[in-house]
Amino acid sequence: MARSATKKSADIDGMKDLFGEPELPSGFRYLSDVISDTQERDLVARFEKLDLKPFEFHGYKGNRRIYTFGHRYVFAGQEAREDARIPDYLKPLMEIAGDISGTPAAGFEQIMVTEYAAGAGIGWHRDRPMYEDIVGISFLAPCALRLRKRNGDDWERMSAHIEPRSAYLLHGKVRNVWQHSIAPMDVLRYSVTLRSFRPGHGTQEEEVGGARKRSARKQSSSA
């Protein structure tokens, strides 16, 4: 079971740190120590047994490896599986995502496990428009989560230090306006990314839409 993180919550909206650094963008939230050392070791042992594959983008293979579960789980470089359900050992991480975001845990219908080997990072990007909230949980080593947005002909840049066993949320402005990246590290690190879907893209909406289409086809064929 995940630790209660209520007392270790830090909503970064509108805050400046002790050294007067600029406030981080609206919608960023951070929780430290959301899991214990023992939980971290147990989860990493499970991650090591997954059939991790290099992340592919437009035919290019990244230097990080991934394994995904849940709704619309198939990413480039992965093969469809008969059973892509989210395993029970990841359910406590869904609860953490629910706590930090205020979204019901069940709303995080897709989970990605990422292995960052020494020298691996992730470039500048925004997550696909179908996703609503993005929650990241960090394992084994700290990292620098870098943020940037266009400001005229230049970029406005910020960064957040992410400790192992912590979680962060990208919501609203920081998720929709800002790009983010992970700086390459010189040690092994894992992360789990949990994503909720915008209205119209989740499992329930697609099941309802599919039922309507099947009903319409039946009515058309019987007419």
Item to check | Yes/no for R29 being closer than 27 Å to V174 by Cβ and at pLDDT below 75 | outcome: no
Checklist entry - Among the residues of region 165-188, which ones are under 14 Å from T114 (Cβ atoms) and assigned to a loop (DSSP other than H, G, I, E, B)? => result P184, M185, L188
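Let's see how each residue does on (1) under 22 Å from K149 (Cβ atoms); (2) of a type in the set (K, R); (3) at pLDDT 95 or above:
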| position | (1), (2), (3) |
| --- | --- |
| P164 | no, no, yes |
| D186 | no, no, no |
| S191 | no, no, yes |
| G200 | no, no, no |
| E205 | no, no, no |
| R212 | no, yes, no |
Item to check | Scope region 22-55; condition surrounded by fewer than 13 Cβ atoms within 10 Å (Cβ to Cβ), in a loop (DSSP other than H, G, I, E, B) and not charged (D, E, K, R); matching residues | outcome: P22
Next on the checklist: For a quick check of your reading of the model, give me the residue pairs whose first member lies in region 138-150 and is surrounded by fewer than 19 Cβ atoms within 10 Å (Cβ to Cβ), whose second is of a type in the set (D, E) and part of a strand (DSSP E or B), with beta-carbon atoms closer than 8 Å and at least 6 apart or on different chains.
Outcome noted: R148/E156; K149/E156; R150/E156
Checklist outcome for this item: Here the qualifying pairs (Cβ atoms under 6 Å; residues six or more apart or on different chains; first in region 90-103 and under 13 Å from S196 (Cα atoms); second part of a helix (DSSP H, G or I)) come out as M94/A105; E95/A105; G98/A105
Item to check | Subset of region 101-111 (residues that are out of contact with any Asp or Glu (no Cβ under 9 Å at 6 or more places or on another chain) and either of a type in the set (D, E, K, R) or surrounded by 19 or more Cβ atoms within 10 Å (Cβ to Cβ) (or both)) | outcome: E109, Q110, I111
Item to check | Residue check, A97 surrounded by 14 or more Cβ atoms within 10 Å (Cβ to Cβ), under 12 Å from the mean Cα position of the chain (by Cα) and of a type in the set (A, V, I, L, M) | outcome: yes
Next on the checklist: Every residue in region 126-181 that is out of contact with any strand residue (DSSP E or B) (no Cβ under 8 Å at 6 or more places or on another chain) and of a type in the set (G, A, S), please.
Outcome noted: G152, G172
Checklist outcome for this item: E56: passes all of (1) at pLDDT 60 or above; (2) closer than 27 Å to I96 by Cβ but (2)
Checklist entry - Restricting attention to region 123-143, which residues are of a type in the set (A, V, I, L, M) and modelled with pLDDT under 95? => result M130
Item to check | Matching residues in region 172-187 - criterion: being under 24 Å from N63 (Cβ atoms) and of a type outside the set (A, V, I, L, M, F, W, C) | outcome: Q179, H180, S181, P184, D186
Next on the checklist: Among the residues in region 6-16, are any of a type in the set (S, T, Y), out of contact with any strand residue (DSSP E or B) (no Cβ under 7 Å at 6 or more places or on another chain), modelled with pLDDT of 95 or more and surrounded by fewer than 15 Cβ atoms within 10 Å (Cβ to Cβ)?
Outcome noted: no
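The values are calculated or read from the model by the stated rules, or taken from the named source; none is laboratory data. This is a predicted model, so every value here is computed, not measured. Note: ideal-geometry Cβ built from the backbone for every residue, glycine included; neighbour counts use all protein chains shown.
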